[in-house]
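Structure, as structure tokens:
Derivation of every value follows stated rules applied to the coordinates shown; laboratory data play no part. Keep in mind it's a predicted model, so treat the numbers as computed, not measured. Note that we place each Cβ from the backbone using ideal geometry, even for glycine, and neighbour counts take in every protein chain shown.
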Amino acid sequence: MKDVGIGEATGKIILMGEHAVVYGEPAIAFPFNGTKIVATLSESATATNTVTSSYHTGKLADTPDNLANIRALTARLQKEFGASAFHLQIDSTIPAERGMGSSAAVAVAITRAFFDWQDRPLTEEQLLFYVNFSEQIAHGNPSGIDAAATSGSQPIFFLKNKEIIPFPLHLDAYLLVADTGIKGQTRAAVKSVAELYEVDQAFTSNHLQQIGRLTRHAQHAIMSNHPQELGLLMTEAHLRLASLHVSNSELNNYIRLALAEGALGAKLTGGGRGGCFIVLTKSKDDAIRIGRKLKVAGVKDAWLQGLGVYQYA
Ligand code: PMV
């Protein structure tokens with residue numbers, strides 16, 4: 001066993017397919033290096049498990065309910081390793097509850113830190129098992145995409161319960177990732193889609209299947225480097241997500257503004273009802289200009305994500 005165990009994870013962006021992925025449709029996601037989380041574990045100075053984080057500092061048992069996943073995950077790991085009382089430090093630049101996968105990322109970082117602390121090798125399969133365990137508590141019915149995207153280093157094509165397929169992203173375009181500053185509501189949004197499915201299965205499954213179709217087309221648009229086509233597919237996906245009631249007026253207004261300013265496409269990302277949205281642009285200048293306009297309109301934060309080709313130009 002080591003004195004200190006360290007584990008890291010990144011945020012993630014779902015490019016296409018959120019919500020539909022829960023129903024077996026494909027999704028495309030990638031790790032978002034603009035944000036990161038580090039978990040550090042060491043033996044507790046007291047006989048109790050303690051935590052230092054932006055949410056809570058003190059006894060782990062006293063953490064608020066939104067950290068129930070962390071309590072359950074660490075309890076399980078501690079029991080399985082027969083580990084002593086620990087101190088857990090969480091340092092994160094991933095905004096919480098904004099559709100960037102912060103709950104999965106914290107679980108990835110903690111699981112890695114635990115195995116590192118115990119000086120034990122960790123397989124990809126074990127990592128996903130623990131992260132999905134934690135995500136079930138955080139989200140209710142996770143597809144597993146957040147766990148897959150925050151634990152890897154490459155973009156992925158994802159189908160629930162199927163093999164994760166990494167792929168290189170070489171697209172001649174830029175992605176602006178913008179935070180509305182409003183907390184997303186993944187759990188509530190996933191639940192409300194399930195309820196809509198109960199009430200009107202034909203309507204709901206039609207939208208979910210169409211989102212799946214758009215995602216498959218997006219896969220071709222990415223592989224053949226057709227950003228304009230990808231942009232149109234993204235915007236249509238947003239409209240369908242809005243029809244499923246997982247958008248909100250702020251997201252819709254920001255997305256309208258980005259499109260009016262010449263974006264190739266824009267959509268919410270992640271669970272929705274707040275959180276982040278993504279804007280595809282032809283050039284870096286467009287992305288910067290649109291980012292400025294969005295900030296003036298009220299967006300809290302914006303990051304620029306390159307998509308590959310320009311890096312090699
Ligand atoms: O809000 P996030 O970052 O946790 O993304 C959730 C993605 C959903 O498709 C809405 C749910 C899921 O488990 O796939």
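Compute the Rg/Rh shape ratio of segment 172-248: radius of gyration over Kirkwood radius, all on alpha-carbon atoms.
Here the Rg-to-Rh quotient is 1.03.
Taking the Cβ of each residue in 256, 289 as the centre, tally the other Cβ atoms inside 10 Å and list the residues starting with the fewest.
Lowest count first: 256, 289.
Once the Cα atoms of the chain are picked out, what are the Rg and Dmax in Å?
Values for the chain (Cα only, Rg and Dmax): 19.5, 58 Å.
Taking every alpha carbon pair in segment 88-205, what does the distance histogram look like in 5 angstrom bins from 0, in percent?
Going from the shortest bin to the longest, the percentages are 2, 10, 16, 19, 19, 17, 11, 5, 2, 1, 0.
Across bins of 10 angstrom width beginning at 0, how are the C-alpha pair distances of segment 4-158 distributed, in whole percent?
P(r) for segment 4-158, in whole percents per bin: 12, 44, 33, 10, 1.
Relative to the first principal axis of the alpha-carbon coordinates of the chain, what is the inclination of helix 186-199, with its axis defined by its Cα atoms, in degrees from 0 to 90 and to the nearest 10?
For helix 186-199, the angle is close to 60 degrees.
Restricting everything to alpha-carbon atoms, can you work out Rg to Rh for segment 169-310 with a Kirkwood hydrodynamic radius?
0.98
Taking the Cβ-Cβ separation of residue 162 and residue 47 as r and a Förster radius of 30 Å, what is the calculated FRET efficiency to the nearest 0.05? Before the final figure, lay out the partial values.
Numbers: r = 44 Å, r/R0 = 1.48.
Approximately 0.10, to the nearest 0.05.
Angle between the Cα long axis of helix 284-297 and the longest principal axis of the chain, 0 to 90 degrees, nearest 10?
80 degrees
If we count other beta carbons within 10 Å of each Cβ, what is the order of 18, 97, 195, fewest first?
195, 97, 18
Can you give the relative contact order of the chain as a percent, counting alpha carbon pairs under 8 Å and 6+ residues apart?
The value is 23 percent.
Write down, largest first, the equivalent ellipsoid semi-axes of segment 1-52 in whole Å, where each equals the square root of 5 times an eigenvalue of the alpha-carbon gyration tensor.
Details: eigenvalues 248, 37, 16 Å².
Ellipsoid semi-axes (Å, largest first): 35, 14, 9.
What is the Å³ per residue value for the convex hull set by the Cα atoms of segment 51-130? Walk me through the numbers on the way to the answer.
Details: hull volume 7.7 nm³, N = 80.
Convex hull of Cα atoms, per residue: 96 Å³.
Starting with the fewest neighbours, write out 224, 192 ranked by other beta-carbon atoms found within 10 Å of each beta-carbon.
The order, fewest Cβ neighbours first, is 224, 192.
What are the extents of the Cα atoms of segment 26-96 along their three principal axes, listed from largest to smallest and rounded to whole Å?
43, 25, 22
Going by alpha carbons, how many degrees (0 to 90, nearest 10) lie between the helix axis of 249-260 and the longest principal axis of the chain?
That works out to roughly 50 degrees.
I'd like the Karplus ³J(HN,Hα) series for segment 207-213: coefficients 6.51, -1.76, 1.60, θ = phi - 60°, whole numbers in Hz, and an x wherever there's a Gly or Pro.
4, 5, 5, 5, 4, x, 4
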